[in-house]
Amino acid sequence: MGGRSEDQAGNRSGTVLALLGVVAFSLTFPATAWGLESFGPWSFVALRSVLAAVIAAGFLLAGRVPLPSRAHWAGLAVVAGGVVVGFPLLTTLALQTSTTSHAAVVVGLLPLTTAALSALRTGARPPRAFWAAAVAGALVVLVFTLAQSGGAPSAGDAYLFGALLVCAAGYTEGGRLARLMPGWQVIGWALVLCLPLALAGSALGLAAEPVHLTWHGAAGLVWAAAGSTFLGLYVWYRGMAAIGAPRASQLQLAQPLLTLVWSVALLGEHLSPATPLAAGAVLVCITVTQRVK
(Lines give C-alpha, C1' and ligand atoms only; values in the text may rest on other atoms or scores of the structure.)
Protein backbone atom coordinates (compact mmCIF):
# COMPACT_ATOMS: atom_id res chain seq x y z
CA MET A 1 0.00 0.00 0.00
CA GLY A 2 2.79 2.37 0.92
CA GLY A 3 4.56 1.79 -2.38
CA ARG A 4 1.41 2.44 -4.36
CA SER A 5 0.67 5.70 -2.54
CA GLU A 6 4.26 6.82 -3.09
CA ASP A 7 3.93 6.05 -6.82
CA GLN A 8 0.68 8.03 -6.98
CA ALA A 9 2.30 10.97 -5.19
CA GLY A 10 5.25 10.80 -7.59
CA ASN A 11 2.90 10.77 -10.58
CA ARG A 12 0.98 13.76 -9.23
CA SER A 13 4.14 15.78 -8.59
CA GLY A 14 5.54 14.78 -11.98
CA THR A 15 2.34 15.86 -13.71
CA VAL A 16 2.39 19.21 -11.91
CA LEU A 17 6.04 19.79 -12.89
CA ALA A 18 5.39 18.90 -16.53
CA LEU A 19 2.35 21.18 -16.60
CA LEU A 20 4.44 24.04 -15.19
CA GLY A 21 6.90 23.45 -18.02
CA VAL A 22 4.12 23.61 -20.62
CA VAL A 23 2.81 26.87 -19.14
CA ALA A 24 6.34 28.33 -19.17
CA PHE A 25 6.82 27.38 -22.83
CA SER A 26 3.41 28.76 -23.82
CA LEU A 27 4.44 32.22 -22.56
CA THR A 28 7.60 32.33 -24.70
CA PHE A 29 6.10 34.13 -27.71
CA PRO A 30 4.20 36.77 -25.68
CA ALA A 31 7.37 37.38 -23.63
CA THR A 32 9.35 37.78 -26.85
CA ALA A 33 6.79 40.23 -28.22
CA TRP A 34 7.13 42.26 -25.02
CA GLY A 35 10.92 42.08 -25.21
CA LEU A 36 10.92 43.46 -28.74
CA GLU A 37 9.29 46.63 -27.39
CA SER A 38 12.63 47.47 -25.77
CA PHE A 39 15.33 45.57 -27.65
CA GLY A 40 16.29 44.76 -31.20
CA PRO A 41 15.96 41.10 -32.22
CA TRP A 42 19.69 40.33 -32.16
CA SER A 43 20.40 41.95 -28.81
CA PHE A 44 17.25 40.40 -27.29
CA VAL A 45 18.25 36.86 -28.27
CA ALA A 46 21.85 37.36 -27.15
CA LEU A 47 20.89 38.87 -23.78
CA ARG A 48 18.33 36.12 -23.27
CA SER A 49 21.04 33.51 -23.80
CA VAL A 50 23.48 35.27 -21.48
CA LEU A 51 20.99 35.46 -18.61
CA ALA A 52 19.87 31.86 -19.10
CA ALA A 53 23.50 30.67 -19.23
CA VAL A 54 24.32 32.48 -15.98
CA ILE A 55 21.36 30.77 -14.29
CA ALA A 56 22.35 27.39 -15.73
CA ALA A 57 25.96 27.84 -14.63
CA GLY A 58 24.76 28.62 -11.11
CA PHE A 59 22.73 25.40 -10.97
CA LEU A 60 25.60 23.34 -12.38
CA LEU A 61 28.10 24.81 -9.90
CA ALA A 62 25.73 24.41 -6.97
CA GLY A 63 25.23 20.76 -7.88
CA ARG A 64 28.96 20.25 -8.46
CA VAL A 65 28.10 18.64 -11.79
CA PRO A 66 31.22 17.30 -13.54
CA LEU A 67 32.00 18.30 -17.11
CA PRO A 68 30.39 16.07 -19.75
CA SER A 69 32.64 13.56 -21.46
CA ARG A 70 34.29 14.58 -24.69
CA ALA A 71 31.98 12.27 -26.65
CA HIS A 72 28.93 14.34 -25.62
CA TRP A 73 30.12 17.78 -26.73
CA ALA A 74 29.19 17.34 -30.40
CA GLY A 75 25.64 16.46 -29.41
CA LEU A 76 25.51 19.39 -27.00
CA ALA A 77 26.59 21.66 -29.85
CA VAL A 78 23.59 20.44 -31.89
CA VAL A 79 21.28 21.15 -28.94
CA ALA A 80 22.83 24.59 -28.51
CA GLY A 81 22.54 25.42 -32.20
CA GLY A 82 18.92 24.32 -32.39
CA VAL A 83 17.37 25.17 -29.02
CA VAL A 84 19.58 27.94 -27.58
CA VAL A 85 20.46 29.89 -30.75
CA GLY A 86 18.47 28.82 -33.80
CA PHE A 87 14.92 28.59 -32.46
CA PRO A 88 15.00 31.77 -30.31
CA LEU A 89 16.65 33.81 -33.08
CA LEU A 90 14.40 32.64 -35.91
CA THR A 91 11.17 33.00 -33.92
CA THR A 92 12.23 36.42 -32.66
CA LEU A 93 12.88 37.57 -36.23
CA ALA A 94 9.51 36.09 -37.25
CA LEU A 95 7.64 37.94 -34.49
CA GLN A 96 8.76 41.27 -35.93
CA THR A 97 6.15 40.75 -38.66
CA SER A 98 3.98 37.82 -37.46
CA THR A 99 1.49 37.82 -34.60
CA THR A 100 2.08 35.49 -31.67
CA SER A 101 -1.17 33.66 -32.44
CA HIS A 102 -0.06 33.00 -36.03
CA ALA A 103 3.35 31.81 -34.81
CA ALA A 104 1.70 29.56 -32.20
CA VAL A 105 -0.21 27.68 -34.90
CA VAL A 106 2.86 27.17 -37.10
CA VAL A 107 5.18 26.18 -34.26
CA GLY A 108 2.40 24.01 -32.83
CA LEU A 109 3.66 21.52 -35.39
CA LEU A 110 6.90 21.15 -33.38
CA PRO A 111 6.02 17.91 -31.48
CA LEU A 112 5.03 16.28 -34.76
CA THR A 113 8.15 17.56 -36.56
CA THR A 114 10.34 16.32 -33.72
CA ALA A 115 8.69 12.89 -33.76
CA ALA A 116 9.15 12.56 -37.52
CA LEU A 117 12.78 13.70 -37.41
CA SER A 118 13.47 11.38 -34.48
CA ALA A 119 12.03 8.45 -36.43
CA LEU A 120 14.28 9.27 -39.39
CA ARG A 121 17.30 9.80 -37.12
CA THR A 122 16.89 6.49 -35.28
CA GLY A 123 15.73 4.43 -38.25
CA ALA A 124 12.45 3.60 -36.51
CA ARG A 125 9.50 2.53 -38.65
CA PRO A 126 6.30 4.12 -37.31
CA PRO A 127 3.00 2.78 -38.75
CA ARG A 128 1.44 4.39 -41.80
CA ALA A 129 -1.15 6.14 -39.64
CA PHE A 130 1.69 8.10 -38.01
CA TRP A 131 2.96 9.42 -41.33
CA ALA A 132 -0.57 10.10 -42.57
CA ALA A 133 -1.26 12.24 -39.50
CA ALA A 134 2.13 13.95 -39.86
CA VAL A 135 1.46 14.87 -43.49
CA ALA A 136 -2.08 16.02 -42.64
CA GLY A 137 -0.76 18.29 -39.88
CA ALA A 138 1.85 19.76 -42.21
CA LEU A 139 -0.80 20.43 -44.86
CA VAL A 140 -3.05 22.15 -42.31
CA VAL A 141 -0.26 24.50 -41.30
CA LEU A 142 0.76 25.12 -44.92
CA VAL A 143 -2.81 26.00 -45.96
CA PHE A 144 -3.19 28.19 -42.89
CA THR A 145 0.01 30.16 -43.56
CA LEU A 146 -0.84 30.62 -47.23
CA ALA A 147 -4.33 31.83 -46.39
CA GLN A 148 -3.05 34.23 -43.73
CA SER A 149 -0.32 35.68 -45.96
CA GLY A 150 -2.34 36.15 -49.15
CA GLY A 151 -1.30 33.06 -51.11
CA ALA A 152 2.48 33.19 -50.64
CA PRO A 153 4.60 32.49 -47.55
CA SER A 154 5.88 35.62 -45.86
CA ALA A 155 9.39 36.17 -44.55
CA GLY A 156 8.02 35.55 -41.07
CA ASP A 157 6.67 32.16 -42.17
CA ALA A 158 10.06 31.23 -43.62
CA TYR A 159 11.68 32.04 -40.25
CA LEU A 160 9.04 29.97 -38.41
CA PHE A 161 9.46 26.91 -40.63
CA GLY A 162 13.22 27.19 -40.24
CA ALA A 163 12.74 27.41 -36.47
CA LEU A 164 10.69 24.20 -36.59
CA LEU A 165 13.48 22.28 -38.28
CA VAL A 166 16.39 23.48 -36.14
CA CYS A 167 14.45 23.08 -32.88
CA ALA A 168 13.31 19.58 -33.85
CA ALA A 169 16.95 18.68 -34.51
CA GLY A 170 17.93 20.11 -31.12
CA TYR A 171 15.13 18.25 -29.34
CA THR A 172 16.00 15.00 -31.10
CA GLU A 173 19.65 15.20 -30.11
CA GLY A 174 18.72 16.40 -26.64
CA GLY A 175 16.43 13.41 -26.20
CA ARG A 176 19.32 11.12 -27.11
CA LEU A 177 21.65 12.82 -24.62
CA ALA A 178 18.97 12.80 -21.92
CA ARG A 179 19.28 9.02 -21.86
CA LEU A 180 22.94 9.46 -20.90
CA MET A 181 22.70 12.35 -18.41
CA PRO A 182 19.90 14.21 -16.60
CA GLY A 183 17.91 16.27 -19.09
CA TRP A 184 18.32 19.56 -17.23
CA GLN A 185 22.08 19.13 -17.47
CA VAL A 186 21.76 18.77 -21.25
CA ILE A 187 20.19 22.21 -21.63
CA GLY A 188 22.42 23.61 -18.88
CA TRP A 189 25.66 22.62 -20.63
CA ALA A 190 24.26 23.70 -24.00
CA LEU A 191 23.61 27.17 -22.58
CA VAL A 192 27.08 27.37 -21.01
CA LEU A 193 28.60 26.27 -24.32
CA CYS A 194 26.92 29.27 -26.00
CA LEU A 195 27.93 31.82 -23.35
CA PRO A 196 31.02 33.22 -25.18
CA LEU A 197 29.02 33.64 -28.39
CA ALA A 198 26.11 35.18 -26.46
CA LEU A 199 28.39 37.69 -24.71
CA ALA A 200 29.90 38.75 -28.04
CA GLY A 201 26.45 38.94 -29.61
CA SER A 202 25.16 41.08 -26.73
CA ALA A 203 27.99 43.58 -27.12
CA LEU A 204 27.51 43.82 -30.89
CA GLY A 205 23.72 43.89 -30.70
CA LEU A 206 23.54 46.59 -28.04
CA ALA A 207 26.02 48.71 -30.01
CA ALA A 208 24.03 48.38 -33.25
CA GLU A 209 20.41 48.36 -32.05
CA PRO A 210 18.66 51.05 -29.99
CA VAL A 211 17.30 50.18 -26.54
CA HIS A 212 14.10 51.75 -25.23
CA LEU A 213 13.73 50.10 -21.85
CA THR A 214 10.18 49.61 -20.55
CA TRP A 215 8.84 47.34 -17.83
CA HIS A 216 7.21 45.22 -20.56
CA GLY A 217 10.54 44.82 -22.32
CA ALA A 218 12.42 43.98 -19.14
CA ALA A 219 9.77 41.49 -18.01
CA GLY A 220 9.75 39.85 -21.44
CA LEU A 221 13.55 39.46 -21.41
CA VAL A 222 13.64 38.04 -17.88
CA TRP A 223 10.84 35.56 -18.57
CA ALA A 224 12.28 34.44 -21.91
CA ALA A 225 15.64 33.81 -20.22
CA ALA A 226 14.65 32.44 -16.82
CA GLY A 227 11.19 31.06 -17.46
CA SER A 228 11.35 29.70 -20.98
CA THR A 229 14.98 28.96 -21.73
CA PHE A 230 16.13 27.31 -18.51
CA LEU A 231 13.63 26.93 -15.65
CA GLY A 232 10.82 25.81 -17.96
CA LEU A 233 13.04 23.07 -19.35
CA TYR A 234 14.25 22.21 -15.84
CA VAL A 235 10.74 21.44 -14.49
CA TRP A 236 9.74 19.88 -17.81
CA TYR A 237 12.56 17.35 -17.79
CA ARG A 238 11.99 16.53 -14.11
CA GLY A 239 8.30 16.01 -14.72
CA MET A 240 8.98 13.92 -17.82
CA ALA A 241 11.37 11.72 -15.84
CA ALA A 242 8.66 11.11 -13.24
CA ILE A 243 5.69 10.33 -15.50
CA GLY A 244 7.41 9.24 -18.72
CA ALA A 245 7.75 10.89 -22.13
CA PRO A 246 4.45 9.58 -23.61
CA ARG A 247 2.30 11.05 -20.83
CA ALA A 248 4.30 14.28 -20.77
CA SER A 249 3.93 14.72 -24.52
CA GLN A 250 0.15 14.49 -24.14
CA LEU A 251 0.29 17.47 -21.76
CA GLN A 252 2.36 19.47 -24.25
CA LEU A 253 -0.47 19.26 -26.76
CA ALA A 254 -2.13 22.12 -24.88
CA GLN A 255 0.80 24.50 -25.46
CA PRO A 256 -0.32 26.16 -28.75
CA LEU A 257 -3.84 26.69 -27.40
CA LEU A 258 -2.42 28.25 -24.22
CA THR A 259 -0.29 30.60 -26.33
CA LEU A 260 -3.44 31.71 -28.17
CA VAL A 261 -5.00 32.54 -24.79
CA TRP A 262 -1.94 34.55 -23.72
CA SER A 263 -1.82 36.39 -27.06
CA VAL A 264 -5.35 37.68 -26.42
CA ALA A 265 -5.00 38.27 -22.67
CA LEU A 266 -1.52 39.84 -22.60
CA LEU A 267 -1.12 41.36 -26.06
CA GLY A 268 -4.72 42.16 -26.99
CA GLU A 269 -4.50 40.30 -30.30
CA HIS A 270 -7.71 39.52 -32.17
CA LEU A 271 -7.90 35.95 -33.45
CA SER A 272 -9.28 35.24 -36.88
CA PRO A 273 -11.80 32.36 -37.00
CA ALA A 274 -9.23 30.25 -38.85
CA THR A 275 -6.63 30.50 -36.07
CA PRO A 276 -8.27 28.35 -33.35
CA LEU A 277 -9.61 25.99 -36.02
CA ALA A 278 -6.13 25.43 -37.45
CA ALA A 279 -4.66 25.02 -33.95
CA GLY A 280 -7.35 22.46 -33.13
CA ALA A 281 -6.71 20.54 -36.35
CA VAL A 282 -2.97 20.41 -35.63
CA LEU A 283 -3.79 19.22 -32.10
CA VAL A 284 -5.84 16.34 -33.52
CA CYS A 285 -3.03 15.33 -35.91
CA ILE A 286 -0.43 15.36 -33.14
CA THR A 287 -2.72 13.33 -30.88
CA VAL A 288 -2.98 10.67 -33.60
CA THR A 289 0.80 10.47 -33.96
CA GLN A 290 1.19 10.07 -30.18
CA ARG A 291 -1.32 7.22 -30.06
CA VAL A 292 -0.04 5.18 -32.99
CA LYS A 293 3.73 5.41 -32.39
Please list, ordered by first then second residue, the pairs with beta carbon atoms under 9 Å, 6 or more apart or interchain, first in region 65-87 and closer than 25 Å to Tyr159 by Cα and touching a residue at least 40 places away in the same chain (Cβ under 8 Å), second open to solvent by less than 60 Å² (accessible area, probe 1.4 Å) and among the hydroxyl-bearing types (Ser, Thr, Tyr).
Val78/Thr172; Gly82/Thr172; Val83/Thr229; Val84/Ser49; Val84/Thr229; Val85/Ser49
Here are the criteria: (1) closer than 19 Å to Gly239 by Cα; (2) in contact with a His (Cβ under 9 Å, 6 or more places away or on another chain); (3) not basic (Lys, Arg). Tell me which single one Leu160 does not satisfy.
(1)
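For the subset of region 84-101 comprising residues that are assigned to a helix (DSSP H, G or I) and open to solvent by 20 Å² or more (accessible area, probe 1.4 Å), which member is nearest to Ser272 (Cα to Cα)? Talk me through it step by step, then tell me what you get.
Step one: list which residues in region 84-101 are assigned to a helix (DSSP H, G or I), which gives 84-94, 100-101.
Subset that is open to solvent by 20 Å² or more (accessible area, probe 1.4 Å): 85, 87, 89-90, 93.
Details: Val85: 31, Phe87: 25, Leu89: 26, Leu90: 24, Leu93: 22 Å.
Per the stated criteria, the residue is Leu93.
How many residues, within region 267-293, are open to solvent by less than 70 Å² (accessible area, probe 1.4 Å) and assigned to a loop (DSSP other than H, G, I, E, B)? Break it down stepwise before answering.
Taking region 267-293 and keeping what is open to solvent by less than 70 Å² (accessible area, probe 1.4 Å), we get 267-269, 271-272, 274-276, 278-283, 285-290, 292.
Pick out the ones that are also assigned to a loop (DSSP other than H, G, I, E, B) and you get 267-269, 271-272.
Residues in region 267-293 being open to solvent by less than 70 Å² (accessible area, probe 1.4 Å) and assigned to a loop (DSSP other than H, G, I, E, B): 5 in total.
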Can you say whether Val211 is surrounded by fewer than 21 Cβ atoms within 10 Å (Cβ to Cβ), under 19 Å from the mean Cα position of the chain (by Cα) and under 24 Å from Leu51 (Cβ atoms), as far as the supplied structure shows?
no
Single match in Ala71, Ala18, Ala31 (criterion: assigned to a helix (DSSP H, G or I), modelled with pLDDT of 95 or more and among the small types (Gly, Ala, Ser))
Ala31
Tally up the residues in region 29-77 that are open to solvent by less than 20 Å² (accessible area, probe 1.4 Å) and among the charged types (D, E, K, R), please.
1
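Can you tell me which residue among Leu120, Leu146, Leu139 is within 27 Å of Trp34 (Cα to Cα), out of contact with any helix residue (DSSP H, G or I) (no Cβ under 8 Å at 6 or more places or on another chain) and part of a helix (DSSP H, G or I)? Give the steps one after another, and end with the answer.
Values: Leu120 fails: within 27 Å of Trp34 (Cα to Cα); Leu139 fails: within 27 Å of Trp34 (Cα to Cα).
Going through Leu120, Leu146, Leu139 in turn, just one is within 27 Å of Trp34 (Cα to Cα), out of contact with any helix residue (DSSP H, G or I) (no Cβ under 8 Å at 6 or more places or on another chain) and part of a helix (DSSP H, G or I): Leu146.
Could you list all residues from region 163-181 that are basic (Lys, Arg) and either under 15 Å from Leu233 (Cα atoms) or without any contact (Cβ under 8 Å) to a residue 60 or more places away in the chain (or both)?
At the first step, the residues of region 163-181 found to be basic (Lys, Arg) are 176, 179.
Hit for region 163-181 is Arg179, nothing else.
The values are calculated or read from the model by the stated rules, or taken from the named source; none is laboratory data. Computed from a predicted model, the values in this text were never measured in an experiment. All Cβ positions, glycine included, derive from the backbone under ideal geometry; neighbour counts span all protein chains shown. In case anyone asks, the SASA skips ligands and DNA or RNA and just uses the protein heavy atoms, side chains included. Shrake-Rupley method; radii C 1.70, N 1.55, O 1.52, S 1.80 Å.
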